[in-house]
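Working notes, beginning with the structure itself.
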Amino acid sequence: MKPSLGDRIKEKVFFTPNKTPDQQRTIFFRRILTALIVIVLSVAVVHLVMYLIYQDLEFAFFLVGDLITLLVCLAVWEFQLNRRSRLASIILLVATTILITVCFPIDILDRVLLLYSVPIILASFIITPASSFIFALLATFGYSLFFFLRPLGLEYNYIAILFLFFMAMMSWLVARMMDRSYRTLSVAYDETIQSWRKTLDQRTQPEEGHLQEPLDLTLKLARVMKIPEKALDFLRRGVLLHDIGKMSIPDRILLKKGKLTDWEWEVMRMYPTYAYQ
């Protein structure tokens, strides 16, 4: 049964349940970064066209800022490709916070506070749940620094600061709920796999070490290949289920003591296909 259009959109835009929380954050980060690069490129083209038409140095200044932002995004993308997603996420959000601080006039601090909410919300979903509070503190420090060093006769906006921490709290709660949902799903998934494995073993009566030796070798090879520890659960599950397709092989063929006929071998060779299906 093919997934519906709504399910495909949900899988592309939002988190997928068969990924670990860290994998989900990496996927979400890639989508955010890709969208940001597209936006920056689009804005850079507009500024270039405006400069060519009006020959105004202001547009040239904006274009230089666009190119610097694009270089930062590409550097972050390179970090992400080298499996340093968390460092890439931190660099991107810190750079975003700094750009918000330095690129807006000081006399519109309240608008700056509103923009600070973007990295605060994203931090919980692309770094760790608690990191939103760190970015809320960073935003508060930036706001306070400019407020006290460049007094403009404005009142300190305590309500906006509290609202930033409220948003950090909500982001943290949602990210924690998603992590907890994954852990619950993962436990149920592992229990189901173990049940399938036990059912198959009771049917086939495999030799001692039939499963443990391939499992040990697979995990050892994965570590030599420097596959992240977080991904080893998926490999372990794959080894546990590597011959689950034999559940579809008739007993007279699967448990036959003598030599299999050519036709019976053809049936036996179908078990990987049955496992996939």
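The values are calculated or read from the model by the stated rules, or taken from the named source; none is laboratory data. Predicted model only: the values in this text are computed from it and were never measured. Quick reminder, even Gly has a Cβ in these numbers, built from the backbone with ideal geometry, and neighbours come from all protein chains shown. Keep in mind that these areas ignore ligands, DNA and RNA; they rest on the heavy atoms of the full protein, side chains included. Shrake-Rupley method; radii C 1.70, N 1.55, O 1.52, S 1.80 Å.
Some values worked out for this structure:
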item: Exclusive hit being of a type in the set (S, T, N, Q) and touching a residue at least 24 places away in the same chain (Cβ under 8 Å), set Thr218, Thr204; result: Thr204
item: Flag if Lys226 is of a type in the set (D, E, K, R), open to solvent by 60 Å² or more (accessible area, probe 1.4 Å), at pLDDT 80 or above and outside any helix (DSSP H, G or I); result: yes
item: Any hit, segment 47-64, residues being loosely packed, with under 11 Cβ neighbours inside 10 Å and not aliphatic (A, V, I, L, M); result: yes
item: Matching residues in segment 252-271 - criterion: being open to solvent by 80 Å² or more (accessible area, probe 1.4 Å) and closer than 17 Å to Gln205 by Cα; result: Arg252, Lys257
item: Segment 70-113, subset within 25 Å of Ile27 (Cα to Cα), modelled with pLDDT under 80 and among the β-branched types (Val, Ile, Thr), residue surrounded by the most Cβ atoms within 10 Å (Cβ to Cβ); result: Thr97
item: Residues that are without any contact (Cβ under 8 Å) to a residue 60 or more places away in the chain, open to solvent by 30 Å² or more (accessible area, probe 1.4 Å), closer than 18 Å to Thr97 by Cβ and of a type in the set (A, V, I, L, M), drawn from segment 121-179; result: Ile121, Ala130, Ile134, Leu137, Leu138, Leu145, Leu149, Met167
item: Hey, Glu208 part of a loop (DSSP other than H, G, I, E, B) and either surrounded by 14 or more Cβ atoms within 10 Å (Cβ to Cβ) or at pLDDT below 80 (or both) or not; result: yes
item: Residue among Asp233, Asp216, Asp201, Asp243 that alone is open to solvent by less than 50 Å² (accessible area, probe 1.4 Å), acidic (Asp, Glu), closer than 23 Å to Ser186 by Cβ and under 31 Å from the mean Cα position of the chain (by Cα); result: Asp243
item: Positions within segment 212-266 being over 21 Å from Trp196 (Cα atoms) and acidic (Asp, Glu), in sequence order; result: Glu229, Asp262, Glu264, Glu266
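Here's the yes/no breakdown for (1) in contact with a strand residue (DSSP E or B) (Cβ under 7 Å, 6 or more places away or on another chain); (2) under 30 Å from Ala130 (Cβ atoms); (3) not charged (D, E, K, R):
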| position | (1), (2), (3) |
| --- | --- |
| Leu232 | no, yes, yes |
| Arg237 | no, yes, no |
| Leu240 | no, no, yes |
| Ile244 | no, no, yes |
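Per-residue answers, yes or no, for (1) closer than 30 Å to Pro228 by Cα; (2) among the basic types (Lys, Arg):
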site	(1), (2)
Arg31	yes, yes
Ile37	yes, no
Leu41	no, no
Tyr54	no, no
Phe61	no, no
Leu81	yes, no
Val94	yes, no
Ile98	no, no
